[in-house]
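Just so it is clear, none of the values below were taken in a lab; they were calculated from the coordinates. Here the structure is a predicted model, which is why all the values come from computation and not from measurement. Glycine gets a Cβ as well: all are built from the backbone with ideal geometry, and neighbour counts include every protein chain shown.
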Amino acid sequence: MLVLLIGYILGFALHLHYYPKQEFTKFYQKIVKESGEGRWVHRRHLSDHTFTDFPRPNNDTLYSYCMVDLDRGPFVIEVPAIDRYWSVQFIRDNNETFHYLASRIQGINKPIKALLVSKGYAGDSHGMEVIYAPTNRVWLFARILVDGQEDISRIIRLQDQVKCIPLNQYKPLS
């Protein structure tokens, strides 16, 4: 009986460890297939009960996703000046959040540029906030608050200004 209990406990612990990574990998592959690595997938409608990409979506928020593999090098994350709640959540390969950029932290109406790098990065920051990722595969999960249906077209224009650019292709505006 003790052997069965120990086996159950060990199996459950392994499941808790590996299941989030398996789910991350499935979602990573889905988004990369839909848009490619380092490219945003924008959801252009408010969510309702039929939404299944992730549990419990807000019905007053437009979402965007981007998957990056830092084995290919650092990425510049740009967020335009936004006059309302917004956030970009940085999620590692076991679905744990390791960083946020957000209006509650950086402020409203402030454009943001950050450099997402692997944990061993020793290069130039190019004057940007450096975000060290604990894993090479990262899920960027952006949200922008919508103030009613008539606001959606404006938020779509803001979504299109959120960027994820490989550092080796980045050309800052002077």
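Given a Förster distance of 25 angstrom, what is the FRET efficiency for D151 paired with T97, based on the Cβ-Cβ distance and rounded to 0.05?
0.40
Can you give the relative contact order of region 30-169 as a percent, counting alpha carbon pairs under 8 Å and 6+ residues apart?
Relative contact order comes out at 32 percent.
List the aspartates and glutamates whose Cα lies under 12 Å from the Cα of K119, skipping any in the same chain that are fewer than 8 positions away.
Within the straight-line limit of under 12 Å, K119 reaches these aspartates and glutamates: D71.
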